[in-house]
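Only the coordinates and a few stated rules stand behind these numbers; no lab work does. Just so it is clear, the model here is predicted, and its values are computed rather than measured. Heads up, the Cβs are rebuilt from the backbone with ideal geometry, glycines too, and the neighbour counts pull from every protein chain shown.
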Amino acid sequence: MIMEDVKIFEKPEADVVNHPAHYTFGKYEVIDVIEDWGLNYRLGNALKYLARSNHKGDKINDLNKAVWYINREIEKCK
């Protein structure tokens, strides 16, 4: 067998820019939900941090960021 004939199957690299692993779990990407629901910047970011909190590494940090955006939205609504 000639080495040129041997095909090596490699796992495709993760697309860390367009589809990072902590955004692409489950059935829907978070950005698709944010856009479909028409959420503004603050609520979209809150949802993003909530959704990825179990998948990125620092759950408390992401939950605190979500709270920060929600509090900012509450202040804007007053």
Cα convex hull of the stretch 35-78 - mean projected area over all directions, nm²: 3.1 nm²
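Counting other beta carbons within 10 Å of each Cβ, put Y28, Y49 in order, fewest first.
Neighbour counts put them in this order, fewest first: Y28, Y49.
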- prompt: Too long at a 25 Å Cα-Cα cut-off: which of K27/K56; K56/K76; K27/K59; K48/K78?
  reply: K56/K76
field: Stretch gain in nm, segment N61-C77, where the contour uses 0.36 nm per residue and the Cα spacing is subtracted
entry: 3.3 nm
statement: Expressed as a whole-number percentage, the relative contact order of the stretch 35-78 with C-alpha contacts under 8 angstrom and at least six residues apart is 43 percent
